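The values are calculated or read from the model by the stated rules, or taken from the named source; none is laboratory data. A quick note: this is a predicted structure, and the numbers were derived from the prediction, not measured. As a convention, Cβ positions derive from the backbone with ideal geometry for all residues, glycine included, and neighbour counts pool all protein chains shown.
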Amino acid sequence: MTQTFIPGKDAALEDSIARFQQKLSDLGFQIEEASWLNPVPNVWSVHIRDKECALCFTNGKGATKKAALASALGEYFERLSTNYFFADFWLGETIANGPFVHYPNEKWFPLSENDDVPEGLLDDRLRAFYDPENELTGSMLIDLQSGNEDRGICGLPFTRQSDNQTVYIPMNIIGNLYVSNGMSAGNTRNEARVQGLSEVFERYVKNRIIAESISLPEIPADVLARYPAVVEAIETLEAEGFPIFAYDGSLGGQYPVICVVLFNPANGTCFASFGAHPDFGVALERTVTELLQGRGLKDLMCLLRQPSMMKKLLNIPTSKRTLSIPAV
């Protein structure tokens, strides 16, 4: 059997797909590939879902069909292992009072009479970060899935990377502030960690660019030319009437982040995509494929006809080759 290896992945795509599909089948899931899109060369996306529950779905993207399918299956495991499919639901009294609600190694912290945040939750640095005005109370941290005030606050164990100490973070904070940010799955532990950290960098840099009105330099054409598959996708989009600009989001070489902006000259709107990875080529490909994930060219026209926040955010002419995003 042919084996296809791509940068950033620690196993052949064929092996990843076969292993993920088999494991999902063993767990009782009946995964179907509901829809495929290949709007431009070297950009694929797929929507997969469980036949018995269409709400359990994920999307995948990649430069090839196999890469997109492996991406979608990996994301399915990511959402399963982090309970993300059920993040917006109360799970009922049976689970709320069961041995555990989220994970077997969770820890519960009873509420106190004065409603202070219990000792043992968060460390000093995180308490200062989440509660700089000392306004946080314990009852604010009850998780949605259990809603069990009698049981208290559910804390999940995280490993502090500076010293490998365990820090318990309320599930309420994770669900409210981070949603899916930082969740990851991979063929190996390190692959998953790189994916998770890359996503954290991506979101952090995007928010900082907006908040601080940072202007981004355009990535030189000779650098883009090193990645002909991505250039072909960009040129096809431009031939369809959508100018594309790729910007360096590293903030002076600090973060492995790229920003790609698609413009609609007909009405002045645009759509921005951010991507991150330590390998520049992977970050670039990820950003362009993310731009079109789940969208055909007609979908782009519909999307860009809508009022766009980004239309207000761009305040420097494109001739200056920089992207400027003022605070909103």
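Can you name the residue in the stretch 176-205 that is aliphatic (A, V, I, L, M) and in a helix (DSSP H, G or I) and, of all such residues, is farthest from P278 (Cα to Cα)?
The extreme case among them is L177.
Tally time: how many residues in the stretch 243-266 are in contact with a Leu (Cβ under 7 Å, 6 or more places away or on another chain), surrounded by fewer than 22 Cβ atoms within 10 Å (Cβ to Cβ) and either of a type in the set (G, A, S) or more than 29 Å from L197 (Cβ to Cβ) (or both)?
Residues flagged as in contact with a Leu (Cβ under 7 Å, 6 or more places away or on another chain), surrounded by fewer than 22 Cβ atoms within 10 Å (Cβ to Cβ) and either of a type in the set (G, A, S) or more than 29 Å from L197 (Cβ to Cβ) (or both) within the stretch 243-266 amount to 1.
Of all residues in the stretch 183-198, count the ones that are under 12 Å from Y255 (Cβ atoms) and out of contact with any His (no Cβ under 8 Å at 6 or more places or on another chain).
1
When P220 is evaluated against the numbered criteria (1) under 30 Å from L136 (Cα atoms); (2) not assigned by TED's automatic domain parsing to the domain that holds K107, which criterion, by number, is the only one it fails?
Of everything listed in (1) under 30 Å from L136 (Cα atoms); (2) not assigned by TED's automatic domain parsing to the domain that holds K107, P220 misses just condition (1).
Of the residues that sit in the stretch 25-72 and are of a type in the set (A, V, I, L, M) and in contact with a Lys or Arg (Cβ under 6 Å, 6 or more places away or on another chain), which one is surrounded by the fewest Cβ atoms within 10 Å (Cβ to Cβ)?
A34
For a quick check of your reading of the model, give me the residue pairs whose first member lies in the stretch 204-232 and is more than 17 Å from A63 (Cβ to Cβ), whose second is basic (K, R), with beta-carbon atoms closer than 6 Å and at least 6 apart or on different chains.
Close Cβ pairs (under 6 Å, with a partner that is basic (K, R)) amount to E218/R321.
Of A211, A229, A221, A225, which residue is closer than 26 Å to E78 by Cβ and at pLDDT 95 or above?
One residue alone meets the criteria, A229.
Of all residues in the stretch 228-263, which are among the acidic types (D, E) and farther than 13 Å from A276 by Cα?
E232, E235, E238, E240
Those residues that are outside any strand (DSSP E or B) and among the small types (G, A, S), I need them from the stretch 42-87; list them, please.
A63, A67, A68, A70, S71, A72, G74, S81, A87
Do we find that Y103 is of a type in the set (F, W, Y) and closer than 17 Å to N176 by Cβ in this structure?
no
With respect to R125, determine if the residue is surrounded by fewer than 16 Cβ atoms within 10 Å (Cβ to Cβ), among the charged types (D, E, K, R) and modelled with pLDDT of 95 or more.
Considered against the rule, which asks whether it is surrounded by fewer than 16 Cβ atoms within 10 Å (Cβ to Cβ), among the charged types (D, E, K, R) and modelled with pLDDT of 95 or more, R125 comes out as yes.
Filtering the stretch 168-193 down to residues that are in contact with a Ser or Thr (Cβ under 8 Å, 6 or more places away or on another chain) and surrounded by 15 or more Cβ atoms within 10 Å (Cβ to Cβ), which residue is nearest to K107 (Cα to Cα)?
Here the residue is M183.
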